[in-house]
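Data first, discussion second: the structure below is written as structure tokens.
The values are calculated or read from the model by the stated rules, or taken from the named source; none is laboratory data. Remember, predicted model here, so these are calculated numbers, not experimental data. Note: ideal-geometry Cβ built from the backbone for every residue, glycine included; neighbour counts use all protein chains shown.
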Amino acid sequence: MTKRARHGDVIGILLAGGRSARMGRCKQTLPWIRDGRPTTVVAATHDTIAPFVGNVFMTVGLHARAIRESLEGREVAFLDVEPEGSMLDSARAGIRAALDAHAARILLHLSDHPAVRDTTIEQLLDDQTAPFDFVHPRRQGRGGHPIVLSPALARRILDQPLADGLRSARELPDVSVHAIEVDDPGIHLDLDTPGSWGKGLSSI
């Protein structure tokens, strides 16, 4: 696959419906640096996946207005979700929209993970990963984000009781899981607190 190759039949989902309680403010609108240019966390995360997918859906809740403004006109289909809902609830809203759009595969990412490398996305969407139901990156024995779902597994996620959220989807019967080893610290960089945000900025 060539660098930044777009997969028109892959739908991207960004989850941004939470309250950012531990950050104390909307974490998606915090300043960030991408490719040497100032931007915001959510814009950087959008720009990470957008070149590789046909469309991007984004779930938004309490901070919907600020997140929309922070994206500065980027092409996104917004999905309103309940701010008090779980991450799984938000993921299911995005999955429903992606399935309605006839996604061949679904690239699901968290809006507070802005440091994932292009090469990681390329590997996740490589043609050789297409037969698997659940594809995720792994570094030093620990899985991370984003993940890629098959439509078959996505439909099961909508109606299965998943006690541990999306992680539980890997344990469903007859689900094929594929982990890709990457040298990319960004798959684990979760900006939930002021300290994690500051540490992330200093590592750019």
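Residue count for region 118-145 under the criterion of being within 27 Å of ARG34 (Cβ to Cβ) and touching a Ser or Thr at 6+ places or on another chain (Cβ under 8 Å): the result is 5.
Taken together, ASP80, ASP118, ASP89, ASP100 contain a single residue that is of a type in the set (D, E, K, R), closer than 21 Å to ALA163 by Cβ and surrounded by fewer than 19 Cβ atoms within 10 Å (Cβ to Cβ), which is ASP89. Please indicate, with yes or no, whether at least one residue in region 52-69 is in contact with a helix residue (DSSP H, G or I) (Cβ under 6 Å, 6 or more places away or on another chain), under 15 Å from LEU107 (Cα atoms), outside any strand (DSSP E or B) and touching a residue at least 12 places away in the same chain (Cβ under 8 Å). Yes: region 52-69 contains one or more residues that are in contact with a helix residue (DSSP H, G or I) (Cβ under 6 Å, 6 or more places away or on another chain), under 15 Å from LEU107 (Cα atoms), outside any strand (DSSP E or B) and touching a residue at least 12 places away in the same chain (Cβ under 8 Å). Restricting attention to region 183-194, the residues that are at pLDDT 95 or above and surrounded by fewer than 19 Cβ atoms within 10 Å (Cβ to Cβ) add up to 1.
From the residues in region 159-179 that are surrounded by 14 or more Cβ atoms within 10 Å (Cβ to Cβ) and touching a residue at least 60 places away in the same chain (Cβ under 8 Å), which one is farthest from the chain's Cα centre (by Cα)? My answer is LEU162. The set of residues from region 119-139 being within 16 Å of PRO185 (Cα to Cα) and at pLDDT below 95 is empty.
Against the definition (at pLDDT below 95, under 29 Å from SER168 (Cα atoms), small (Gly, Ala, Ser) and not in a loop (DSSP other than H, G, I, E, B)), how does GLY94 come out, yes or no?
On the way: at pLDDT below 95: no; under 29 Å from SER168 (Cα atoms): yes; small (Gly, Ala, Ser): yes; not in a loop (DSSP other than H, G, I, E, B): yes.
No: the conditions fail for GLY94.
Within region 125-156, the set of residues being part of a helix (DSSP H, G or I) and crowded, with 22+ Cβ neighbours inside 10 Å comprises LEU153, ALA154. If the condition is being charged (D, E, K, R) and out of contact with any Leu (no Cβ under 9 Å at 6 or more places or on another chain), then region 116-162 contributes ARG117, ASP118, GLU122, ASP126, ASP127, ARG138, ARG139, ARG142, ASP159.
Selection of first residues in region 1-20 that are among the polar types (S, T, N, Q) and of second residues that are at pLDDT 70 or above and not in a loop (DSSP other than H, G, I, E, B), restricted to Cβ pairs under 6 Å at least 6 apart or on distinct chains, gives the following pairs, ordered by first then second residue: SER20/LYS27.
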